[in-house]
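Taking it in order: structure first as structure tokens, then the write-up.
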Amino acid sequence: MTFSTFWRLAATAALATIAFTAHAKYNGEDRGKPVMPAQSNAQWAAECGSCHLAFPPGLLPAASWKKVMTGLDKHFDTDASLSPADNQAITDYLVKHASNRWTANTAPIKITDGEWFKTKHRASEIDPAVWKRASVKSPSNCIACHRAADKGEFDDDTVRIPK
Ligand code: HEC
Ligand code: HEC
């Protein structure tokens with residue numbers, strides 16, 4: 001091996017390490033970018049937005065959405081089942097726009113169980129007592145704090161923790 005080949009190999013290895021580290025952000029459980037696709041879907045907005053915020057597809061990986069959509073008859077203690085045609089159309093939409101940065105082999109059915117969520121809302125950022133406020137109720141209630149969550153906006157410009 002010549003001297004320059006050695007350094008080329010060393011540089012390639014270093015770059016591969018950087019690329020791997022970047023992908024391993026939040027242990028690979030990262031939300032997609034964007035979290036909300038430009039094109040909406042009327043069935044998804046109506047059906048998945050009737051009990052809670054219609055959670056943007058990019059918040060979970062495709063495997064999670066498949067699990068959610070095959071378990072709608074027992075959806076968090078409620079029955080949210082749909083006709084097979086509606087289920088298929090909504091599943092297609094969610095899977096197509098699922099997180100494109102989730103590299104871990106995991107598929108939680110709760111957004112709030114994902115590593116990116118836990119990191120962004122860790123106790124040093126948000127006092128755990130906040131989650132129990134009547135105005136917040138639950139970590140799933142994104143829109144209590146993220147006032148533009150229905151538009152897929154979660155950045156600090158639009159966040160305000162209610163009293
Ligand atoms: C009949 C009411 C109802 C409908 C309709 C409904 N859900 Fe839910 N969903 C719930 C309840 C209740 C929870 C639990 C909320 C909590 O823990 O605070 C939930 C939670 C969730 C969560 C987990 C949120 C978290 O805590 O991270 C996801 C994801 C979800 N729903 C997706 C969907 C999708 C996709 C649809 C449309 C196919 C849908 N839901 C339709 C009632 C509903
Ligand atoms: C009790 C209030 C509260 C609730 C409820 C809440 N969040 Fe947050 N969230 C925050 C705060 C505060 C931040 C930190 C904002 C910042 O400075 O980046 C944050 C950060 C985020 C970020 C990172 C934004 C960025 O630009 O880096 C995302 C994405 C996010 N939240 C999504 C969600 C989702 C999805 C839900 C519901 C499943 C949710 N949040 C529920 C308060 C909340």
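The values are calculated or read from the model by the stated rules, or taken from the named source; none is laboratory data. Note that the coordinates shown come from a computational prediction; the quantities given were computed from them, not determined experimentally. Every residue, glycine as well, gets a Cβ built from its backbone with ideal geometry; the counts of neighbours run over all protein chains shown.
From Lys66, Lys151, Lys74, which residue is assigned by TED's automatic domain parsing to the domain that holds Val35, basic (Lys, Arg) and within 16 Å of the chain's Cα centre (by Cα)?
Lys66
Please go through the range 120-139 and pick out each residue that is in contact with a helix residue (DSSP H, G or I) (Cβ under 6 Å, 6 or more places away or on another chain) and closer than 20 Å to Ser64 by Cβ.
Across the range 120-139, the qualifying residue is only Pro139.
Condition (residue is modelled with pLDDT of 95 or more and under 23 Å from Arg147 (Cβ atoms)) applied to the range 59-72: is it met by at least one residue?
Yes, that holds for at least one residue.
Scan the range 129-148 and give yes if some residue there is within 14 Å of ligand 1 (Cβ to nearest atom), among the aliphatic types (A, V, I, L, M) and surrounded by 15 or more Cβ atoms within 10 Å (Cβ to Cβ), otherwise no.
yes
Cβ-Cβ below 9 Å, separation at least six or inter-chain, first residue in the range 150-163 and more than 25 Å from Ala42 (Cα to Cα) and among the aliphatic types (A, V, I, L, M), second within 16 Å of ligand 1 (Cβ to nearest atom) and part of a loop (DSSP other than H, G, I, E, B): which pairs?
Pairs found: Val159/Cys145; Ile161/Ile126; Ile161/Arg133; Ile161/Ser135; Ile161/Val136; Ile161/Cys145.
Being within 14 Å of ligand 1 (Cβ to nearest atom), among the acidic types (Asp, Glu) and either out of contact with any Phe, Trp or Tyr (no Cβ under 9 Å at 6 or more places or on another chain) or in a helix (DSSP H, G or I) (or both): is that true of Asp157 here?
For Asp157, the condition - within 14 Å of ligand 1 (Cβ to nearest atom), among the acidic types (Asp, Glu) and either out of contact with any Phe, Trp or Tyr (no Cβ under 9 Å at 6 or more places or on another chain) or in a helix (DSSP H, G or I) (or both) - is not met.
When the range 70-113 is examined, which residues are found to be of a type in the set (A, V, I, L, M, F, W, C), closer than 16 Å to Asn41 by Cβ and in contact (Cβ under 8 Å) with a residue 60 or more places away in the chain?
Matches in the range 70-113: Ala98 only.
Keeping to the range 97-128, report how many residues are exposed (fewer than 13 other Cβ atoms within 10 Å of the Cβ) and more than 15 Å from ligand 2 (Cβ to nearest atom).
Here the count works out to 1.
Among the residues of the range 132-163, how many are near ligand 2 (Cβ under 6 Å from one of its atoms) and over 20 Å from Pro57 (Cβ atoms)?
Summing the residues that are near ligand 2 (Cβ under 6 Å from one of its atoms) and over 20 Å from Pro57 (Cβ atoms) in the range 132-163 gives 6.
When you scan the range 88-103, do you find a residue that is of a type outside the set (Asp, Glu), in contact with a His (Cβ under 6 Å, 6 or more places away or on another chain) and more than 11 Å from ligand 1 (Cβ to nearest atom), even just one?
Checking the range 88-103: at least one residue is of a type outside the set (Asp, Glu), in contact with a His (Cβ under 6 Å, 6 or more places away or on another chain) and more than 11 Å from ligand 1 (Cβ to nearest atom).
Give me a count of the residues in the range 37-96 that are within 14 Å of ligand 2 (Cβ to nearest atom) and loosely packed, with under 12 Cβ neighbours inside 10 Å.
Selection size over the range 37-96: 1.
Please give the helices (runs of 4 or more DSSP H) falling wholly within the range 37-143 in which 1 or more residues are more than 24 Å from Asn27 (Cα to Cα).
42-47, 62-70, 84-96
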